[in-house]
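*Asks:* For reference, the structure I am asking about is given below.
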Amino acid sequence: MHETEYLFYSHGFAHKDVIRANGEVVKQPLFFETYNIAFTFATLDLKMNWRQYKESLEKELRK
């Protein structure tokens, strides 16, 4: 990640909300056949990458 990203998997349609340190919000669509598959992807992504997301957030908060 070049910029700190705060991640939220959200409602309405299958997508990931990326809230960058500068306040920009980007909705990244998740193109899966079902919401169940999208949810499984989101769960696995967070399980595999939560440390990286946490470290990025902590680094940004120290600035």
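*Asks:* For LYS27, list the lysines whose Cα falls under 25 Å from its own Cα; do not include residues on the same chain fewer than 8 positions away.
*Replies:* Correct list for LYS27: LYS16, LYS47, LYS54, LYS59.
*Asks:* Filter the chymotrypsin sites (Phe, Trp or Tyr not before Pro) in region 12-63 down to the DSSP loop ones having no more than 11 other Cβ atoms within 10 Å, then list what survives.
*Replies:* PHE13, PHE31
Bear in mind that the values in this text are calculations on the coordinates, not laboratory data. Just so it is clear, the model here is predicted, and its values are computed rather than measured. Neighbour counts are summed over all protein chains in view; Cβ atoms, including those assigned to glycine, are modelled from backbone coordinates with ideal geometry.
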